[in-house]
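The values are calculated or read from the model by the stated rules, or taken from the named source; none is laboratory data. Predicted model, so just to flag it, every value in this text is computed and none were measured. Virtual Cβ from ideal backbone geometry, glycine too; neighbours counted across all protein chains shown.
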Amino acid sequence: MGTTDDDDEATMEEAWRATGDFKLLAVAVAECRIRKTPPPEWLHRALLGLAYTQEADKPWFKKARQYAIRLTRYTAVCKAHDEGHSWETAKEIAAERLHGQPAAGSADTLWADWKKMRGLMKATGIDDPIYLWGNLLMRRPP
C-alpha cells in the first residue's frame, strides 16, 4: 500500500472517530474490497464496537461481560503471583498491567474480584480453571 492509500485510510479513520457516521464504515469496507486488502485494524475495531454495542443492553451480555472482566482480573493477579510476587504485590502489579484496559481497576478492586472468582470456584467444586487449562496444554503425548 502506498502513501496515498495510507493517507486515505488515516483520513477515513479520523472522519469515523470525529463523526461516528456509519456510511464511512461502508465506504472503508468498499475500499478494502476494491484494493483487495484486508480491513485495517481501526475498521475491525469499529465494527466490533458496533456489534458489542448492539448486544450491550441485554442482561445476559452485561453478566457475561462482568464475568469476563473478573476472570481477566483474576488471571492477571495469578500471573503476577506465579512470577514470584507476594499476593499483596501481585494485585498491585496486575492493576498496573491492566491500566487503560476494559478490566482496569484499583489493586483493591482486582483483589475483590480475585476473591469472588476463588469463591465461585470453591462453591462449584472447580479447581482453578486457568491452571487446569494450562496443565492440559502442557501435557504432550509420548
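Worth a mention:
- Residues that are surrounded by 11 or more Cβ atoms within 10 Å (Cβ to Cβ) and either at pLDDT below 80 or closer than 28 Å to Pro102 by Cβ (or both) within the range 28-40 comprise Ala28, Val29, Cys32, Pro39, Pro40, listed in sequence order.
- Pairs are defined by a Cβ separation below 6 Å, a sequence spacing of at least 6 or placement on different chains, a first member in the range 41-70 that is surrounded by 10 or more Cβ atoms within 10 Å (Cβ to Cβ), and a second member that is part of a loop (DSSP other than H, G, I, E, B); the pairs so defined are Ile69/Ala103.
Conditions tested, residue by residue: (1) outside any helix (DSSP H, G or I); (2) in contact with a Phe, Trp or Tyr (Cβ under 9 Å, 6 or more places away or on another chain); (3) at pLDDT 85 or above.
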{"position": "Thr4", "(1), (2), (3)": "no, no, no"}
{"position": "Glu9", "(1), (2), (3)": "no, yes, no"}
{"position": "Glu13", "(1), (2), (3)": "no, yes, yes"}
{"position": "Leu47", "(1), (2), (3)": "no, no, no"}
{"position": "Ala51", "(1), (2), (3)": "no, no, no"}
{"position": "Phe61", "(1), (2), (3)": "no, yes, no"}
{"position": "Ile69", "(1), (2), (3)": "no, no, yes"}
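- Hey, Thr89 closer than 28 Å to Met121 by Cα, touching a residue at least 24 places away in the same chain (Cβ under 8 Å) and in the same structural domain as Met121 (by TED's automatic domain parsing) or not: no
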